[in-house]
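See structure below.
Since every read-out is calculated from the coordinates, none of them should be taken as a lab result. Nothing here was measured: the structure is a model prediction, and the numbers come from that model. With ideal geometry, Cβ positions are generated from the backbone for all residues, glycine too; neighbour counts draw on all protein chains shown.
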Amino acid sequence: MLDYVVVGGGIGGVLSASLLSHVGRQVILFEAQSYLGGCAGTFQRKGFYYNAGASTLVGLEENMPLGRLMKFLGLEPPTKEIDPSMVVHIADRQIRRYKSWEDSLAEIESSFPQLKHRAFWERVKAVSQDLWSLSCDLLPYPSPSSPIKALLKHPLAFLNTILCHFVSSRRVARFYLGEFNSKYESFLNHHTLITAQGYMEEVPFSVASLGLTYPNLTNYYAVGGMGKVVESFASRIKHVRLKEKVLSIEPMPWGFLIKTTLGEYETKRVILNTTIWDAGNLVRELKPYSERAREKYRKMWGAFVIYMTLEDSGLEDLSHHHFILLDKPIPYTGSRSLFLSLSEREDPILSKDGTRSVTLSTHTHLHLWEGLSSEEYMERKQKALEYCMEELYRHIPSLRYVKKLALFAGTPKTFRRFTLRYRGSVGGLPAVMDYFPFNFPPPLTPVENLYIVGDTVFPGQGWPGVALGVINLLKFIEKDIGIC
Ligand SMILES: Cc1cc2nc3c(=O)[nH]c(=O)nc-3n(C[C@H](O)[C@H](O)[C@H](O)COP(=O)(O)OP(=O)(O)OC[C@H]3O[C@@H](n4cnc5c(N)ncnc54)[C@H](O)[C@@H]3O)c2cc1C
């Protein structure tokens, strides 16, 4: 009998399975698609490769969750440092977000000279640094002893951050900066939107500080696509079954019976890399759990993503990532920002044969893509695509004239199909004050020996969040593993 079955090969599933395999557990990971990574995967279409969702990567240093896992597993995923991490386009200004704190602050100051930024940003920096230093010691979550342990080990960091979990980041910004205009508000809001899935008003200052300083961390480019980083972690898993979808999981007196599209398996424990809203589709006993989650956690986002292959000749030198903030909402999305990511010219996979792989993504409300006839759906998709491309050309005009060898869009419907996520929602559970920190779902479920990892359980989305969530789960189920 297996020790663990891991259902799903997103970041959470792959990291869990690699750690458990590494310490000698018998593990099989099942992934429904032909490639690993889910929202952080890299897929192929008509001979070209694209990052499905995630394109930015941070946290590979030894004091960060993902870096700890790399060290534990002895891995070095194919990455290289980039700086600036992104260029923010707002009205006619461009703000380069450098790793260097002073350079980054100087960019912000020169774009918004009317504000006294330093005190606010110093506070943001201090809180984010303290939170990263506390992160491991606050685990396992939830546990009454963890905060006490963190307080005793890092008293200053703990006391410096504790109240920040309970105050909105907009209030703190107002306190330090006074009145600020809508452009600056948009600048702050969109940093928290892409990192915490909420605007400043709803996101606690603790979480916002991590989002606002994300560009100041060492940012990495994933060579060959984000999927290569996932594959690097997956290299530690002995048994990976691609194109094998798990259909049902039945609790048994001895463990669980797993039925897949290709067979049946027996295991003592199960780790689901599904959302909390989907778990009940696989495990009958978790139906009430998922129904409650759908009632309780209603805030969620989808993504509208345009995938492009550009001919490299004639393409000007551009930074890897551009965050374009708009005045008006994009039709059929409700969002006012675009995130552009370009593959490096030298990338052997994403930029093969003189091409460049590009994604242009934005948040979207899910209901705008639901209940449509296929004509309505196609029309919306086309209109949103054209609008996004025009906005892109307005901000980076040279891109209009670059030859597009491929251009297509993905909607929540697409994400539902390829990641099997509830309503096609992505980005995880928003880290907003209604949910974060004490109402955030833990990795434990009402069914004994059945757990959840991924971006809808504590502490949430992206490589850093999901990696910390995996460490959190292991603190419950494999106490001696000793990662942090
Ligand atoms: C457009 C976009 C941009 C993003 N940008 C970034 C970024 O720049 N940086 C960053 O760090 N994060 C980013 N994120 C967020 C990040 O990608 C996600 O938070 C993270 O990848 C989610 O990982 P997960 O572990 O929850 O798994 P998921 O990505 O949800 O993957 C789950 C996997 O499980 C599989 N699965 C589900 N059910 C079954 C089943 N029954 N049987 C078999 N397999 C199953 C699915 O096929 C899927 O592969 C972005 C997300 C999106 C959508």
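Each DSSP beta bridge with both residues in the chain is either parallel or antiparallel, and the antiparallel ones are about 75%. In a DSSP loop and with at most 11 other Cβ atoms within 10 Å, the trypsin sites (Lys or Arg not before Pro) in the range 9-68 are 46.
Once every Cα of the range 201-245 carries one equal point scatterer and solvent is ignored, give the base-10 log of I(q)/I(0) from the Debye formula at q = 0.15, 0.32 Å⁻¹, two decimals. Values returned for q = 0.15, 0.32 Å⁻¹ are -0.68, -1.10. According to the Cα-based calculation, Rg over Rh for the range 101-216 is 1.00, with Rh computed by the Kirkwood formula. Calculated FRET efficiency, residue 400 to residue 328, Cβ-Cβ distance, R0 = 22 Å: about 0.65 to the nearest 0.05. Checking the cross-link filter: which aspartates and glutamates have an alpha carbon closer than 16 Å to that of residue 328, excluding same-chain neighbours under 8 positions apart? Hits, sequence-local ones excluded: 92, 185, 386, 390, 391.
Taking each of 46/71; 228/404; 268/413; 46/245 in turn, the alpha-carbon distance tops 28 angstrom for 46/71; 268/413. Taking the inverse of the mean reciprocal distance over all distinct Cα pairs, the Kirkwood hydrodynamic radius of the chain comes to 22.9 Å. Distance from the Cα centroid of the range 361-430 to that of the range 184-210 is 23 Å (rounded to whole angstrom). Taking other C-beta atoms within 10 angstrom as a stand-in for reagent exposure, 179, 109, 81 fall in the order 179, 81, 109, fewest first.
Note on residue 248 and residue 316: the model spin-label points, each 7 Å out from Cα along the C-beta direction, lie 5.9 nm apart.
Charged side chains reduced to their Cβ positions (Lys and Arg at +1, Asp and Glu at -1) give the range 101-216 a dipole of some 300 debye around its Cα centre.
Can you tell me the alpha carbon radius of gyration of the range 349-484 divided by the globular rule-of-thumb value 2.2 N^0.38 Å?
1.40
Average 1/r across all pairs of distinct alpha carbons in the range 284-381, invert it, and you get the Kirkwood radius: 16.4 Å. Annotation: peptides 437-446, 202-211, ranked by per-residue average of other Cβ atoms within 10 Å with the highest first, follow the order 202-211, 437-446.
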